[in-house]
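Please read through the structure below; I'll follow up with questions.
The values are calculated or read from the model by the stated rules, or taken from the named source; none is laboratory data. These numbers were taken from a predicted model, which means no experiment stands behind them. We place every Cβ from the backbone using ideal geometry, glycine too, and count neighbours over all the protein chains shown. Just so you know, the surface numbers come from the protein's heavy atoms only, side chains and all, with ligands and any DNA or RNA stripped out. Shrake-Rupley method; radii C 1.70, N 1.55, O 1.52, S 1.80 Å.
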Amino acid sequence: MKRLDIFGLLKKDMNYIEDELFRSIEGEHELLNETSMHLLKAGGKRLRPVFVLMGGKFGSYDLEKLKHVAVPLELIHMASLVHDDVIDDADTRRGELTVKSKWDNRIAMYTGDYIYARALTIAAQLGNPLIHQVLSKAMVEMSIGEMEQIRDFFNTEQNVRRYLLRIRRKTALLIAISCQLGAVASDADRKTVNLLYRYGYNVGMAYQIQDDLLDLCGTEKQIGKPPGSDMRQGNITIPVIYALQDEELRGPLLREISYIRERNGECDVTGAIRIIKESKGIAQAEELADRYFKKAFDALERLPDIRTKKNLRDIANFVAKRSY
(Lines give C-alpha, C1' and ligand atoms only; values in the text may rest on other atoms or scores of the structure.)
Protein backbone atom coordinates (compact mmCIF):
# COMPACT_ATOMS: atom_id res chain seq x y z
CA MET A 1 0.00 0.00 0.00
CA LYS A 2 1.56 3.27 -1.10
CA ARG A 3 1.78 6.23 1.24
CA LEU A 4 -1.13 8.22 -0.19
CA ASP A 5 -3.32 5.40 -1.54
CA ILE A 6 -5.75 5.51 1.40
CA PHE A 7 -6.10 9.26 1.57
CA GLY A 8 -8.42 9.76 -1.41
CA LEU A 9 -9.28 13.37 -2.07
CA LEU A 10 -6.43 14.59 0.15
CA LYS A 11 -3.76 13.56 -2.36
CA LYS A 12 -3.58 16.99 -4.03
CA ASP A 13 -3.50 18.80 -0.70
CA MET A 14 -0.87 16.42 0.70
CA ASN A 15 1.33 17.05 -2.33
CA TYR A 16 1.03 20.76 -1.52
CA ILE A 17 1.97 20.12 2.12
CA GLU A 18 4.96 18.06 0.94
CA ASP A 19 6.16 21.02 -1.13
CA GLU A 20 5.64 23.30 1.87
CA LEU A 21 7.76 20.98 4.02
CA PHE A 22 10.70 21.37 1.67
CA ARG A 23 10.23 25.13 1.52
CA SER A 24 9.99 25.36 5.29
CA ILE A 25 13.56 24.16 5.92
CA GLU A 26 15.23 26.45 3.41
CA GLY A 27 17.54 28.90 5.13
CA GLU A 28 20.80 30.75 4.87
CA HIS A 29 23.05 28.02 6.26
CA GLU A 30 24.18 25.56 3.58
CA LEU A 31 24.97 22.62 5.89
CA LEU A 32 21.70 22.88 7.84
CA ASN A 33 19.84 22.98 4.53
CA GLU A 34 21.70 19.88 3.38
CA THR A 35 21.15 17.85 6.55
CA SER A 36 17.49 18.84 6.83
CA MET A 37 16.92 18.04 3.17
CA HIS A 38 18.55 14.64 3.64
CA LEU A 39 16.06 13.86 6.40
CA LEU A 40 13.06 15.01 4.37
CA LYS A 41 14.11 13.04 1.28
CA ALA A 42 14.22 9.87 3.35
CA GLY A 43 10.42 10.08 3.24
CA GLY A 44 7.89 8.84 5.76
CA LYS A 45 4.20 8.11 6.01
CA ARG A 46 3.34 11.78 6.77
CA LEU A 47 0.52 10.60 9.03
CA ARG A 48 0.58 13.73 11.19
CA PRO A 49 -0.13 16.20 8.36
CA VAL A 50 -2.82 13.86 7.07
CA PHE A 51 -4.49 13.86 10.48
CA VAL A 52 -4.30 17.66 10.57
CA LEU A 53 -6.06 17.97 7.21
CA MET A 54 -8.68 15.41 8.14
CA GLY A 55 -9.33 17.18 11.42
CA GLY A 56 -9.79 20.34 9.37
CA LYS A 57 -12.58 18.68 7.38
CA PHE A 58 -14.79 18.83 10.48
CA GLY A 59 -14.73 22.63 10.43
CA SER A 60 -14.18 25.37 7.85
CA TYR A 61 -11.47 23.72 5.74
CA ASP A 62 -8.78 26.18 4.65
CA LEU A 63 -5.54 24.64 3.37
CA GLU A 64 -3.62 27.92 3.59
CA LYS A 65 -4.47 28.06 7.28
CA LEU A 66 -4.01 24.36 7.97
CA LYS A 67 -0.52 24.27 6.47
CA HIS A 68 0.66 26.33 9.45
CA VAL A 69 -0.32 23.40 11.66
CA ALA A 70 0.39 20.43 9.37
CA VAL A 71 3.94 21.45 8.47
CA PRO A 72 5.07 22.24 12.06
CA LEU A 73 3.71 18.95 13.38
CA GLU A 74 5.62 16.94 10.80
CA LEU A 75 8.74 19.02 11.45
CA ILE A 76 8.47 18.39 15.20
CA HIS A 77 8.16 14.67 14.50
CA MET A 78 11.19 14.79 12.18
CA ALA A 79 13.29 16.70 14.70
CA SER A 80 12.50 14.14 17.39
CA LEU A 81 13.68 11.36 15.04
CA VAL A 82 17.04 13.09 14.49
CA HIS A 83 17.56 13.30 18.24
CA ASP A 84 16.36 9.70 18.69
CA ASP A 85 18.97 8.47 16.22
CA VAL A 86 21.73 10.14 18.23
CA ILE A 87 20.48 8.67 21.51
CA ASP A 88 19.97 5.22 19.95
CA ASP A 89 23.24 5.37 17.95
CA ALA A 90 21.20 4.37 14.87
CA ASP A 91 23.02 4.19 11.54
CA THR A 92 19.94 3.81 9.32
CA ARG A 93 16.31 4.87 9.27
CA ARG A 94 13.88 3.78 6.55
CA GLY A 95 16.82 2.12 4.86
CA GLU A 96 18.77 5.39 4.55
CA LEU A 97 21.77 6.70 6.49
CA THR A 98 20.75 8.81 9.49
CA VAL A 99 21.98 12.39 9.80
CA LYS A 100 24.24 11.40 12.70
CA SER A 101 25.69 8.55 10.63
CA LYS A 102 26.27 10.57 7.46
CA TRP A 103 27.67 13.56 9.37
CA ASP A 104 28.12 13.27 13.15
CA ASN A 105 26.29 13.58 16.47
CA ARG A 106 26.85 17.31 16.87
CA ILE A 107 25.57 18.10 13.38
CA ALA A 108 22.56 15.86 14.00
CA MET A 109 21.66 17.58 17.28
CA TYR A 110 21.88 21.04 15.75
CA THR A 111 19.84 19.85 12.77
CA GLY A 112 17.10 18.68 15.13
CA ASP A 113 17.20 21.98 17.01
CA TYR A 114 17.02 23.89 13.72
CA ILE A 115 13.98 21.92 12.57
CA TYR A 116 12.24 22.46 15.91
CA ALA A 117 12.84 26.20 15.57
CA ARG A 118 11.50 26.23 12.01
CA ALA A 119 8.36 24.45 13.23
CA LEU A 120 7.66 27.06 15.90
CA THR A 121 8.35 29.91 13.47
CA ILE A 122 5.72 28.58 11.06
CA ALA A 123 3.13 27.88 13.78
CA ALA A 124 3.59 31.43 15.09
CA GLN A 125 1.99 32.72 11.89
CA LEU A 126 -1.38 31.62 13.26
CA GLY A 127 -2.84 33.95 15.85
CA ASN A 128 -4.63 31.29 17.92
CA PRO A 129 -2.86 31.04 21.32
CA LEU A 130 -4.43 27.62 22.03
CA ILE A 131 -2.50 26.13 19.10
CA HIS A 132 0.77 27.51 20.43
CA GLN A 133 0.03 26.28 23.96
CA VAL A 134 -0.84 22.76 22.80
CA LEU A 135 2.27 22.52 20.60
CA SER A 136 4.57 23.81 23.36
CA LYS A 137 3.12 21.45 25.96
CA ALA A 138 3.48 18.51 23.57
CA MET A 139 7.15 19.32 22.97
CA VAL A 140 7.74 19.41 26.73
CA GLU A 141 6.01 16.04 27.15
CA MET A 142 8.00 14.53 24.27
CA SER A 143 11.24 15.65 25.92
CA ILE A 144 10.17 14.04 29.20
CA GLY A 145 9.30 10.86 27.29
CA GLU A 146 12.79 10.80 25.78
CA MET A 147 14.39 11.23 29.19
CA GLU A 148 12.23 8.46 30.63
CA GLN A 149 13.26 6.14 27.81
CA ILE A 150 16.94 6.86 28.41
CA ARG A 151 16.49 6.25 32.14
CA ASP A 152 14.79 2.93 31.44
CA PHE A 153 17.37 1.54 29.00
CA PHE A 154 17.83 -2.15 29.86
CA ASN A 155 15.46 -1.77 32.83
CA THR A 156 13.85 -5.20 32.94
CA GLU A 157 11.82 -4.33 36.06
CA GLN A 158 9.61 -1.70 34.43
CA ASN A 159 5.88 -2.43 34.28
CA VAL A 160 3.20 -2.01 31.61
CA ARG A 161 1.93 1.27 33.08
CA ARG A 162 5.38 2.86 32.84
CA TYR A 163 5.72 1.75 29.24
CA LEU A 164 2.29 3.15 28.32
CA LEU A 165 3.07 6.52 29.88
CA ARG A 166 6.31 6.67 27.90
CA ILE A 167 4.74 5.92 24.52
CA ARG A 168 1.94 8.37 25.29
CA ARG A 169 4.54 11.11 25.54
CA LYS A 170 6.81 9.95 22.72
CA THR A 171 4.25 8.98 20.07
CA ALA A 172 0.54 9.11 20.86
CA LEU A 173 0.41 12.74 21.99
CA LEU A 174 1.70 14.15 18.69
CA ILE A 175 -0.82 12.12 16.68
CA ALA A 176 -3.62 13.15 19.05
CA ILE A 177 -2.89 16.86 18.75
CA SER A 178 -2.56 16.54 14.97
CA CYS A 179 -6.23 15.53 14.85
CA GLN A 180 -7.14 18.08 17.52
CA LEU A 181 -5.35 21.12 16.09
CA GLY A 182 -6.59 20.55 12.56
CA ALA A 183 -10.09 20.89 13.95
CA VAL A 184 -9.15 23.83 16.19
CA ALA A 185 -7.61 25.74 13.27
CA SER A 186 -10.82 25.14 11.31
CA ASP A 187 -13.10 26.36 14.13
CA ALA A 188 -14.80 22.99 14.71
CA ASP A 189 -16.99 22.70 17.80
CA ARG A 190 -15.46 21.65 21.12
CA LYS A 191 -17.11 18.21 21.24
CA THR A 192 -15.73 17.35 17.80
CA VAL A 193 -12.27 18.63 18.75
CA ASN A 194 -12.27 16.44 21.88
CA LEU A 195 -13.44 13.34 20.00
CA LEU A 196 -10.76 13.82 17.35
CA TYR A 197 -8.13 14.09 20.08
CA ARG A 198 -9.41 10.85 21.63
CA TYR A 199 -9.39 9.10 18.27
CA GLY A 200 -5.84 10.28 17.51
CA TYR A 201 -4.56 9.38 20.96
CA ASN A 202 -5.79 5.79 20.75
CA VAL A 203 -4.57 5.34 17.17
CA GLY A 204 -1.21 6.71 18.31
CA MET A 205 -0.94 4.27 21.21
CA ALA A 206 -1.81 1.36 18.93
CA TYR A 207 0.61 2.67 16.30
CA GLN A 208 3.57 2.56 18.71
CA ILE A 209 2.66 -0.90 19.99
CA GLN A 210 2.53 -2.08 16.37
CA ASP A 211 5.91 -0.45 15.80
CA ASP A 212 7.37 -2.35 18.74
CA LEU A 213 5.92 -5.60 17.40
CA LEU A 214 7.33 -4.96 13.93
CA ASP A 215 10.79 -4.43 15.43
CA LEU A 216 10.68 -8.03 16.64
CA CYS A 217 8.57 -9.71 13.96
CA GLY A 218 9.38 -7.74 10.80
CA THR A 219 12.23 -8.14 8.33
CA GLU A 220 15.00 -5.62 7.71
CA LYS A 221 13.49 -4.90 4.29
CA GLN A 222 10.08 -4.20 5.83
CA ILE A 223 11.16 -1.94 8.69
CA GLY A 224 14.30 -0.36 7.22
CA LYS A 225 16.53 -1.48 10.10
CA PRO A 226 17.74 -4.79 11.56
CA PRO A 227 15.10 -6.67 13.61
CA GLY A 228 15.65 -6.36 17.34
CA SER A 229 17.11 -2.86 17.06
CA ASP A 230 15.13 -1.72 20.10
CA MET A 231 16.73 -4.37 22.29
CA ARG A 232 20.19 -3.60 20.96
CA GLN A 233 19.65 0.00 22.06
CA GLY A 234 18.34 -1.06 25.47
CA ASN A 235 14.73 -0.10 24.77
CA ILE A 236 12.53 -2.63 26.59
CA THR A 237 9.21 -2.63 24.72
CA ILE A 238 5.83 -4.09 25.56
CA PRO A 239 6.28 -7.59 24.01
CA VAL A 240 9.49 -7.92 26.05
CA ILE A 241 7.79 -6.70 29.23
CA TYR A 242 5.03 -9.27 28.76
CA ALA A 243 7.55 -12.04 27.95
CA LEU A 244 9.45 -11.27 31.16
CA GLN A 245 6.27 -12.04 33.12
CA ASP A 246 6.54 -15.69 32.03
CA GLU A 247 8.21 -17.45 34.98
CA GLU A 248 9.72 -20.22 32.86
CA LEU A 249 11.16 -17.92 30.20
CA ARG A 250 12.13 -14.97 32.42
CA GLY A 251 15.51 -16.41 33.43
CA PRO A 252 16.71 -17.26 29.88
CA LEU A 253 15.44 -13.92 28.54
CA LEU A 254 17.16 -11.97 31.33
CA ARG A 255 20.42 -13.72 30.46
CA GLU A 256 20.02 -12.79 26.78
CA ILE A 257 19.30 -9.16 27.64
CA SER A 258 22.28 -9.05 30.00
CA TYR A 259 24.48 -10.45 27.21
CA ILE A 260 23.23 -7.75 24.83
CA ARG A 261 23.88 -5.03 27.40
CA GLU A 262 27.42 -6.24 28.13
CA ARG A 263 28.25 -5.97 24.45
CA ASN A 264 26.53 -2.59 23.97
CA GLY A 265 24.14 -4.11 21.44
CA GLU A 266 27.00 -5.25 19.16
CA CYS A 267 25.84 -8.85 19.07
CA ASP A 268 23.30 -11.32 17.73
CA VAL A 269 19.84 -10.83 19.28
CA THR A 270 18.08 -13.73 17.57
CA GLY A 271 18.18 -15.76 20.80
CA ALA A 272 16.26 -13.09 22.68
CA ILE A 273 13.76 -12.70 19.84
CA ARG A 274 13.21 -16.46 19.75
CA ILE A 275 12.41 -16.53 23.48
CA ILE A 276 9.99 -13.62 23.16
CA LYS A 277 8.19 -15.38 20.29
CA GLU A 278 7.96 -18.55 22.41
CA SER A 279 6.17 -16.58 25.12
CA LYS A 280 2.73 -15.00 25.03
CA GLY A 281 4.33 -11.56 24.76
CA ILE A 282 3.57 -11.06 21.06
CA ALA A 283 -0.07 -12.12 21.41
CA GLN A 284 -0.58 -10.01 24.55
CA ALA A 285 0.89 -6.94 22.83
CA GLU A 286 -1.40 -7.51 19.84
CA GLU A 287 -4.39 -7.73 22.17
CA LEU A 288 -3.37 -4.45 23.82
CA ALA A 289 -3.09 -2.73 20.44
CA ASP A 290 -6.54 -4.06 19.52
CA ARG A 291 -8.02 -2.51 22.68
CA TYR A 292 -6.65 0.89 21.68
CA PHE A 293 -7.97 0.47 18.14
CA LYS A 294 -11.42 -0.31 19.57
CA LYS A 295 -11.33 2.91 21.63
CA ALA A 296 -10.33 4.83 18.51
CA PHE A 297 -13.27 3.41 16.56
CA ASP A 298 -15.63 4.17 19.45
CA ALA A 299 -14.59 7.85 19.34
CA LEU A 300 -14.87 7.83 15.56
CA GLU A 301 -18.48 6.62 15.65
CA ARG A 302 -19.49 9.66 17.72
CA LEU A 303 -18.07 12.16 15.22
CA PRO A 304 -20.31 13.97 12.69
CA ASP A 305 -21.24 11.69 9.81
CA ILE A 306 -19.14 13.11 6.98
CA ARG A 307 -16.99 11.44 4.33
CA THR A 308 -13.82 12.01 6.34
CA LYS A 309 -15.00 9.46 8.92
CA LYS A 310 -14.37 6.74 6.34
CA ASN A 311 -10.89 8.13 5.67
CA LEU A 312 -10.11 8.09 9.39
CA ARG A 313 -11.39 4.53 9.62
CA ASP A 314 -9.19 3.58 6.66
CA ILE A 315 -6.13 5.09 8.34
CA ALA A 316 -6.77 3.17 11.56
CA ASN A 317 -7.10 -0.05 9.53
CA PHE A 318 -3.91 0.86 7.63
CA VAL A 319 -2.03 1.33 10.91
CA ALA A 320 -3.41 -1.95 12.27
CA LYS A 321 -2.29 -3.96 9.24
CA ARG A 322 0.91 -2.13 8.28
CA SER A 323 4.12 -4.05 7.74
CA TYR A 324 6.50 -1.04 7.74
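Given +1 on the Cβ of Lys and Arg, -1 on the Cβ of Asp and Glu, and no further charges, what dipole in debye does the chain carry about its Cα centre, rounded to the nearest 20?
Using Cβ point charges on Lys, Arg, Asp and Glu, the chain gives about 1040 debye.
While we're on this one: On a full-extension model of 0.36 nm per residue, what is the gain between residue 104 and residue 264, subtracting their alpha-carbon distance, rounded to one decimal in nm?
Extra length available between residue 104 and residue 264 comes to 55.7 nm.
Moving on to the next point. For Rg/Rh (Cα atoms, Kirkwood Rh), one of [x] 0.93; [y] 1.04; [z] 0.97 was computed from the structure I shared and the rest are decoys. Which label?
[z]
Right, here's the next one. Per residue, how much accessible area does the chain have with a 1.4 Å probe, in Å²?
Working: 14990 Å² over 324 residues.
Accessible area per residue, the chain: 46 Å².
Right, another one. Taking R0 as 22 Å, what FRET efficiency do you get between residue 277 and residue 318 from their Cβ-Cβ distance, rounded to the nearest 0.05?
Efficiency, rounded to the nearest 0.05: 0.30.
What is the calculated FRET efficiency for residue 219 to residue 156, with r their C-beta to C-beta distance and R₀ = 35 Å, to the nearest 0.05?
The formula returns an efficiency of 0.85 here.
Using the Cα centre of the range 176-324 as origin and beta-carbon charges of +1 (Lys, Arg) and -1 (Asp, Glu), tell me which of 185, 299, 283 is placed farthest towards the positive end of the dipole.
185
Okay, moving on. Go ahead and collect, in residue order, the members of the range 150-171 whose backbone nitrogen is under 12 Å from a label point 7 Å along the Cα-Cβ direction of residue 291.
Hits in the range 150-171 for residue 291 at 12 Å: 160-161, 164.
Can I ask one more? Of 147, 233, 318, which is farthest towards the positive pole of the chain's charge dipole, taken about the Cα centre with +1 and -1 on the beta-carbons of Lys, Arg and Asp, Glu respectively?
Of 147, 233, 318, it is 318.
How large is the accessible surface of residue 11 in square angstrom, using a 1.4 angstrom probe and rounding to the nearest 10?
Using a 1.4 Å probe on the heavy atoms, I get roughly 110 Å².
Further, regarding this structure: Leaving out ligands, DNA and RNA but keeping every protein chain, what accessible area does residue 214 have, in Å² rounded to the nearest 10, with a 1.4 Å probe?
Ignoring ligands and nucleic acids, residue 214 comes out at about 30 Å².
Right, something else. Which value, in debye to the nearest 20, gives the size of the charge dipole of the range 1-155 about its Cα centre, when Lys and Arg are +1 and Asp and Glu are -1 at the Cβ? Display every interim value, and only then the final one.
Working: 20 positive and 24 negative charges, 127 e Å.
Here the size comes out at about 600 debye.
With r defined as the distance between the Cβ atoms of residue 298 and residue 89 and R0 fixed at 30 Å, what FRET efficiency is calculated, to the nearest 0.05?
0.15
Follow-up. Using a 1.4 angstrom probe on the protein heavy atoms only, line up 74, 256, 34, 157 by accessible area, largest first. Before the final figure, lay out the partial values.
Working: 74 5, 256 50, 34 95, 157 130 Å².
Per-residue accessible area, sorted high to low, gives 157, 34, 256, 74.
With every protein chain present, what accessible area does residue 201 have (1.4 Å probe, heavy atoms only), rounded to the nearest 10 Å²?
Accessible area, nearest 10 Å²: 60 Å².
Among 191/321; 12/170; 41/277; 280/321; 41/221, which pairs are too far apart, with a Cα-Cα distance over 26 Å? Kindly include the intermediate steps, with their values, before the conclusion.
Working: 191/321 29 Å; 12/170 30 Å; 41/277 35 Å; 280/321 20 Å; 41/221 18 Å.
As for pairs spanning more than 26 Å Cα to Cα, those are 191/321; 12/170; 41/277.
Of the heavy-atom accessible surface of the chain (probe 1.4 angstrom), what whole percent is carbon and sulfur?
Working: 7290 of 14990 Å².
Roughly 49 percent, rounded to a whole number.
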